[in-house]
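Report on one structure; see the data block that follows.
Where a number appears in this text, it was derived from the coordinates with a stated rule and is not lab data. No experiment lies behind these values; they were computed from the predicted model shown. Cβ placement follows ideal geometry from the backbone for every residue including glycine, while neighbour counts extend to all protein chains displayed.
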Amino acid sequence: MKSQVARPKPPVRERLADHERPRAVLKGPPITVTCTCGERHGVDYGAVWECTCGRRWNTAQIKADEYARLRRLQLRFRAVPVALGIATSGLAMYFLLTGNSFSLFFLLPLALILWGMMVRPVLRRRYSKALGVLPRWNLYSEPSGGDGIKEAPAVSPRPRTP
Ligand SMILES: [Zn+2]
């Protein structure tokens, strides 16, 4: 008895270009559920995952305010690259409009180097650290076929680099 609704496969372009599912930011990050049998799966908040071994895990058991903390954290770290992108675009626009297009050849590589070598590594470290502080939740597998197993696997927010 499968309870999880099969997701339609995203188009190829989306799968290639995207390292996370569409709308993942607005919906919040997926939660990594590790089944007692060892299988792991990223589950959306509030969704039920049925493992191949038959156990069912319901992420709605996680308190909404605790999940909101994780979500706020993700959004906070997501804001940095967005702000950097907007600032770079603004500067590029400024150089273009003031006829200083030669500066663009310096600005764009500089922005990429700044992002790749300085901002991103620091951001990743801080994000991982911040995720580590968050609680790990223990879920109880829901009865599947009436066996009523009560086990607590490790559930953790999936570290996702901004
Ligand atoms: Zn399992």
Whole-Hz Karplus couplings 3J(HN,Hα) for region 64-77, θ = phi - 60° and coefficients 6.51, -1.76, 1.60, Gly and Pro as x, run 4, 6, 6, 5, 4, 5, 4, 5, 4, 4, 4, 5, 4, 6
Quick one: which residues, 5+ away or cross-chain, put their amide H under 5 Å from the amide H of ILE31? H built at 1.01 Å from N. VAL43, ASP44, TYR45
Taking 22 Å as R0, compute the FRET efficiency from the Cβ-Cβ separation of VAL133 and VAL82 and round it to 0.05. 0.40
Suppose R0 equals 30 Å. What FRET efficiency, 1/(1 + (r/R0)^6) with r the Cβ-Cβ distance, do ARG120 and LEU97 give to the nearest 0.05? 0.55
